[in-house]
Amino acid sequence: MLARGPDRAAERALFDGRSLTGWEGDPRFWRVEEGVLVGESTAANPCDATNYLVWRGGEVGDFELELEWRFPGGAPGNSGVQFRSRADSPATVAGYQADLESGPDWTGGLYEQDGRGVVTRRGERVVLADGGAKTVERFADGAELLATVDPAAWNRLRIVAFGPRLSLEVNGRLFSETIDLDAARAARRGVLALQLHAGPPMRVEFRALRLRPLADLVVPDAPPTSRTPPAWIWPAPEVADGQTAWFRRGFELASAPARAELWISADDHFEAWLGGQGVASADDWMRPLRVDVSSALRAGENELLVRAENDAGAAGLVLELSLEFADGQRIVLASDASFETCLQPSVDLGQAELASWLDDAAPWRPAHVLGPLGAMPWGQLGAELSDAGEAPAAETIHVPPGFTVQRLHSARPVSEGSWVALAVDPRGRLYASDQYGGIFRVTLAQGGAARVEPIPITLGEAHGLLWAFDALYAVVSGAGEFTSGLYRARDTDGDDELDQVELLRAFDGDGEHGPHGLVLHPDGRSLVITGGNHTALPGPFERARVPMTWGEDVLLAPYADPNGHAVGITAPGGWIVRTDPEGEHWELVAVGFRNAYDLAYSSAGELFTYDSDMEWDVGLPWYRPTRVLHVVSGAEFGWRTGSANWPADHYDSLPPAVELELGSPTGLVFGTATSFPAPWKHALFACDWAYGRIHSVFLEPEGASYRGRHEIFASGEPFPVTDVVAGPDGALY
């Protein structure tokens with residue numbers, strides 16, 4: 001729960017304007033003069049080796065840093081701001097550096113001191129993949145950006161570091177952006193420092209240094225607070241087409257677990273056994289399986305065995321086995337280098353020969369770790385782990401000053417599952433849906449959840465929940481027990497228990513790009529529903545606001561995604577529809593989305609959604625960031641498969657209201673029903689599951705539509721938010 005509460009300081013000033021308190025540097029070069037930090041070398045006092053002024057107030061991880069800088073008098077100057085860096089002494093600092101200079105080359109770019117050197121130049125967006133591969137996209141002309149800077153006058157630098165994303169802004173404009181996914185080279189925390197470069201005499205000045213942590217400000221040597229995620233593994237770093245790999249992990253249990261789940265995926269195919277019993281197999285790595293394996297485990301020795309096959313390109317296995325025992329103890333076994341693995345010879349082996357080879361002749365070796373869950377090219381897979389740990393503690397979630405966070409309940413991973421959708425009923429009770437299971441009702445009390453109870457109806461796997469018309473509506477994106485569709489659950493005998501379930505309309509599509517959220521229309525008489533681009537239109541429609549004459553709309557054949565995503569899926573892509581409470585009359589409202597998960601109406605009755613990007617396309621001309629869209633009647637936003645996406649300035653499309661860059665869009669809600677003060681009272685809160693944050697989006701009318709800005713409202717590590725609703729008490733849940 002996120003609520004307005006007593007003020008607490010989040011932003012802090014790093015410089016008192018009077019002294020070097022909190023900073024360490026060579027006094028020959030660094031001093032305070034007339035309220036500014038000065039770094040200066042002269043002919044009489046040359047700077048023969050680059051040196052730094054290091055802030056010793058702790059290490060920073062995710063943060064926003066703002067400061068003002070200049071090279072007074074128009075003299076040549078070369079400087080920078082180090083962040084997430086290592087500083088053994090003020091003379092030896094290594095790590096990320098936001099470059100500053102009075103010349104034409106480097107201001108606003110990212111450099112890695114004593115590392116990779118020039119990483120990102122001004123006007124570039126760079127993605128550094130795991131293993132070092134580099135993708136470069138130019139989003140602006142570097143010379144035009146530099147024209148907004150007068151190095152002799154005061155300029156404002158803003159550095160935003162959030163997870164792998166590093167953004168550098170000068171005077172309010174984005175100068176460069178880097179997404180560092182290279183697990184071996186990326187830094188997630190370190191020190192701040194100011195640089196005075198070696199060379200001819202120069203003077204650089206800084207003032208108004210303010211730091212806003214977006215995650216914990218960590219003192220050196222603080223222990224980590226989160227567990228290690230599972231890793232993608234393979235027998236060797238060299239992957240070849242057509243390989244078959246085997247993996248095994250033995251473990252001993254004092255007693256059989258009360259519950260056990262296996263979460264698993266492999267690129268491209270796999271089969272898994274526990275104790276010789278087959279428990280899972282799949283041929284689509286983008287849809288990880290989550291299966292109950294309780295019956296396959298026993299007290300004593302157990303073995304998990306997996307065979308994975310690679311068709312072509314990248315290959316890997318990722319899994320997590322979560323065990324819960326009768327005494328409440330929880331154990332997690334995740335894929336890592338402790339697994340033994342080997343490659344099967346290319347010759348055909350019969351079943352008996354294969355078993356003999358695995359037992360006696362296979363060259364078992366420790367697994368090679370390709371990268372953690374989330375590494376490219378696989379990403380987060382769009383599915384939560386069967387995490388046996390607690391939900392993040394309230395104090396690890398960061399919100400603006402004056403807000404408080406309270407943890408009400410930590411869903412038990414095996415018995416309660418992965419909650420992805422919320423609704424609130426007229427009595428203030430919450431309903432939560434397990435992505436792979438049933439629906440739960442949560443009765444709240446001061447200080448937490450007084451009661452969490454499964455609803456005894458045959459309904460679950462819902463991506464969208466809504467209490468309306470004296471019933472609980474659910475949009476099911478079923479990949480297991482339930483058929484995808486719009487359902488209604490009602491209490492028919494007045495005992496305050498839902499007892500009747502009706503399927504109002506079946507949908508053709510499921511999973512992460514299936515049917516998703518639903519909201520009540522401002523007229524109070526109808527429902528509005530959204531579906532992803534792997535879901536067919538739920539017609540027939542009595543009315544269509546969009547001319548149903550779409551096509552692929554390209555002169556040249558598009559490039560299909562080489563990883564196979566959405567290949568063969570054509571226009572119109574994701575959709576928004578409207579229907580009555582009985583699900584009898586259907587209207588098509590808008591199309592052309594990639595994978596919008598939720599919807600929200602503003603107080604003015606305007607509809608907005610938060611559409612996803614195709615993260616594998618970062619750096620390519622047809623890439624479109626995640627974006628908040630104003631959904632006008634009959635809109636077509638131009639998602640097309642592969643390279644055929646409409647650009648934002650396409651004449652037949654509509655531009656986004658706000659671009660939010662990389663992320664995994666989930667829940668949406670306006671702050672109108674909260675007790676929050678301005679400006680958050682009127683903000684659109686947009687959840688990003690992948691990067692663990694909630695954006696606050698501030699929209700202003702512009703012409704016939706809206707434009708806006710955004711900032712991070714809440715963040716944590718981890719904080720994989722999937723839905724958000726406003727409660728009757730004015731808080732966000």
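Odds and ends about this structure:
- With respect to the conditions (1) at pLDDT 95 or above; (2) crowded, with 16+ Cβ neighbours inside 10 Å, E584 falls short on a single one, namely (2).
- Residue in segment 202-213 that is in contact with a Cys (Cβ under 9 Å, 6 or more places away or on another chain), at pLDDT 90 or above and over 20 Å from Y691 (Cα atoms) present: yes
- Test: residue in segment 354-369 that is open to solvent by less than 50 Å² (accessible area, probe 1.4 Å), assigned to a strand (DSSP E or B), touching a strand residue (DSSP E or B) at 6+ places or on another chain (Cβ under 9 Å) and not hydroxyl-bearing (S, T, Y): no
- Residue among D292, D268, D311, D284 that alone is free of Cβ contacts under 8 Å to residues at least 12 places away in the same chain, among the acidic types (D, E) and over 21 Å from S338 (Cα atoms): D284
- The number of residues in segment 282-311 being open to solvent by 20 Å² or more (accessible area, probe 1.4 Å), under 20 Å from I233 (Cα atoms) and at pLDDT 85 or above comes to 5.
- Taking each residue of segment 180-197 that is under 16 Å from W23 (Cβ atoms) and open to solvent by less than 10 Å² (accessible area, probe 1.4 Å) and looking for partners that are among the hydroxyl-bearing types (S, T, Y) and part of a loop (DSSP other than H, G, I, E, B) with beta-carbon atoms closer than 8 Å, six or more apart or interchain, yields Q195/T50; L196/T50.
- Hey, R188 under 22 Å from W55 (Cβ atoms) and part of a loop (DSSP other than H, G, I, E, B) or not: yes
- Among residues of segment 653-670, those that are touching a residue at least 60 places away in the same chain (Cβ under 8 Å) and not hydrophobic (A, V, I, L, M, F, W, C), counted: 6
- Residues satisfying the stated conditions in segment 127-155, i.e. of a type in the set (D, E, K, R), touching a Gly at 6+ places or on another chain (Cβ under 7 Å), part of a strand (DSSP E or B) and surrounded by fewer than 16 Cβ atoms within 10 Å (Cβ to Cβ): R138
- Residue count for segment 257-268, restricted to those that are touching a Phe, Trp or Tyr at 6+ places or on another chain (Cβ under 9 Å), part of a strand (DSSP E or B) and within 14 Å of W232 (Cα to Cα): 4
- Only one of the numbered conditions (1) in contact with a strand residue (DSSP E or B) (Cβ under 8 Å, 6 or more places away or on another chain); (2) open to solvent by 40 Å² or more (accessible area, probe 1.4 Å) is not met by E112, and that is (2).
- Taking strands (runs of 3 or more DSSP E) as the structural unit, those lying wholly within segment 471-553 and holding at least 3 residues that are open to solvent by less than 30 Å² (accessible area, probe 1.4 Å) and more than 18 Å from A635 (Cβ to Cβ) correspond to 471-476, 485-490.
- The residue of segment 240-268 that is farthest from R287 (Cα to Cα), among those that are among the hydrophobic types (A, V, I, L, M, F, W, C) and open to solvent by 50 Å² or more (accessible area, probe 1.4 Å), is A254.
The values are calculated or read from the model by the stated rules, or taken from the named source; none is laboratory data. Source: prediction; values computed, not measured. Here Cβ is always computed from backbone atoms with ideal geometry, including for glycine, and neighbour counts include all displayed protein chains. For the accessible areas, the whole protein counts, side chains as well, though only heavy atoms, and no ligand, DNA or RNA atoms are used. Shrake-Rupley method; radii C 1.70, N 1.55, O 1.52, S 1.80 Å.
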